[in-house]
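Step one of this worksheet: look at the structure below.
The values are calculated or read from the model by the stated rules, or taken from the named source; none is laboratory data. None of these values were measured; they are calculated from a predicted model. FYI the Cβ positions are ideal-geometry reconstructions off the backbone, even for glycines, and counts take in every protein chain you see. Accessible surface areas use protein heavy atoms only, side chains included; no ligands, DNA or RNA. Shrake-Rupley method; radii C 1.70, N 1.55, O 1.52, S 1.80 Å.
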Amino acid sequence: MSKTSTIVAPPAGGVGGLARYMRPGLLYGVLPLAVAVMVFTLAYRVFLSNELTEAEGRLSLYRSTVVAELERFSHLTFVLARDPFVVATATGAPTETLDVRLAAFAEQAELDAIYLMTPDGLTISSSNANAPQSFVGQNYAFRPYFRDALAGRQGEFYGIGATTGLPGFFIADPVVDDEGAVVGVIALKLDLIRLENTWREAGETVVLVNQDGVVLLASDPSWRYRALAPLSTVQRAQIAEARQFDGQDLAPLDWALLGDTRAEIAGQEQIHLTTDRLPHDWVLHYFASDEPAVTRSWLAAGLAIILGGALLIAFQLRRNVQIEASLRRSEAEEVLLRRSNERLAVEIEERRAAERRLERTRDELARASRLAALGELAASVTHELGQPITAMRNHLAAAEMTDPPRSQPVGQLSGLVERMAGITRQLKFFASPGAEALEPVDLRAAMGEALTLVQPNIEAGGVPLETKLSANPVIVQGNKLRIEQVMTNLLRNALDAMEEMDDRALSVEMGVSGQTAWFEVRDRGHGLGGADLTKLQEPFVTSRASGQGMGLGLAISAGIVKEHHGRMTAENRDGGGAVFRVEMPVTEAEA
């Protein structure tokens, strides 16, 4: 019995009240951070929306700039194609006068070049006729803009100059005579690099790509002539035929789309917007950093933390007042605590009385358990006597069938009767518990007795038997009769499992591994199915038909093996059937 003790519980409004007020402390400390994260998230969404709106405005501005730059001189070639000097030169007049005239036009319009070509693509007059890289004498019949103009429509094309190696936008119109025949092509080259300079000076990230996804202009010159996606063989063939990007490998650009308005370029994640409302199916990409939105969001979160801290301080002051009031109430609650302790002492004494009643109940339960054990033992004796009696019946039937009847079964019947008497004597173990006398037992001899006992069943079932016994004695310390009982049960179970099988086979193997003696019984029966050995060892669990067995064989065998400090295992056999294995410690002399 336990000693009398006094358990002191914390007062409801005293120390307990303190704990009640202190428990939310951690929550209140984390709450400002949670609010700050929430404020940051909401603020970032708002500020990011503003950044997107501003980016859309910048993108629209840059689109208008590109369109205006492309259309600014689209009418000039149309006018020049009807200039009398151009028509005269195209029909055979000297080129010097036109060279000077075109040079003046190019200087005033800030164009790279204006030049006149014959119907076969040969340049005969140019604004840079006197320059080291003059277009005069060059043939541009391979250019798409020339072929379009020769076909009677205005041609436009962006590419790297075949003569100068500098990029530009080319515009061309056909030159016709009085009879309407095409006698030449007038073209101009417009330098768009100034757009790149404008983007770069403004600190913007802008990329202009053509219909093939090749970068024409970029705020970062190193991105120029890169492809947003790998080009197909057909696209590369068309680009090579027009000599649009001579000397460029058109390698992929280091970028990736991350969503509708997000992209990563040059290793940085940024806002990304595009517009395809441009001539020639060009697309303008605009990239902007979201750092301003992040900065403003952190500022908003900081303000939220400050406000949350102020509220927390005010709440803490109020809580301190409540704690002081709780401490003052604790003195009055001490009286209630002493009364609670007195009631607790009474409850302890009542518990001791309950424990004494429980002890008496346990004694009664132990007696009931012994009675239940005797009942189970009686059932097991009935089961075990059934097996020898069946063997006796088989031997007697065999003796009666001989003429004259044989006297040999009489000795076997005497042994079986002795075995039945030995099994019955085991009741004394349960009636007055005590250890049975153990002696050295040779498992080979025990197995031989068990096989002799079930030999009639083996012959009646026509079951092939294979034995692999140890060449040397296998000695264990135990009760020979009970060990034979385990072997007989396993052999009979194996034979029963193969009653409905066509391919029958029974094998017995025995040996010694280290300090453990073992034997195995293998059959070709129905196997364990979904059950395990633990389930099969339960009393009255059997797979045989009603009236053919009580399901006690494995339960009794498991108990006997356990008494001999051994263990029994079972598993399904490859190809069908089961394997039961019993292990027991060998005697010291045998070891």
The simple spin-label model distance between V182 and M38, using points 7 Å out along Cα→Cβ, in nm, is 7.1
With the 1.4 Å probe rolled over protein heavy atoms, segment 96-178 has an accessible area per residue in Å² of 43
The answer for S470, listing residues at least 5 apart or on another chain whose modeled amide H is closer than 5 Å to its amide H, is M510
Per the rule of 0.36 nm per residue minus the C-alpha distance, extending T361 to A151 adds in nm 64.1 nm
Computed on Cα atoms, Rg of segment 157-212 relative to 2.2 N^0.38 Å comes out at 1.61
Ignoring ligands and nucleic acids, M501 exposes an accessible area, probe 1.4 Å, in Å² to the nearest 10, of 60
Relative to the compact-globule estimate 2.2 N^0.38 Å (N residues), the Cα gyration radius of segment 169-291 stands at a ratio of 1.29
A student asked for the Cα radius of gyration and Dmax of segment 75-234 in angstrom ought to give 16.9, 54
Probe 1.4 Å, all chains present, heavy atoms only: E459 accessible area in Å², nearest 10, is 130
The simple spin-label model distance between Q268 and Q238, using points 7 Å out along Cα→Cβ, in nm, is 3.4
For segment 160-276, the accessible surface attributable to carbon and sulfur atoms (probe 1.4 angstrom, ligands and nucleic acids excluded) amounts in percent to 46
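Rank these by accessible area, largest first, 1.4 Å probe: V87, V136. Please report the intermediate quantities before stating the final value.
Numbers: V87 30, V136 60 Å².
The ranking, largest first, comes out as V136, V87.
With the Cα gyration tensor of segment 252-313 giving a ≥ b ≥ c as the square roots of its eigenvalues, does the rule (a/c under 1.5 for rounded; else a/b larger than b/c for prolate; else oblate) give rounded, prolate or oblate? Show your work: numbers first, answer last.
Values: a/c = 5.06, a/b = 3.05, b/c = 1.66.
It comes out prolate by the Cα gyration axes.
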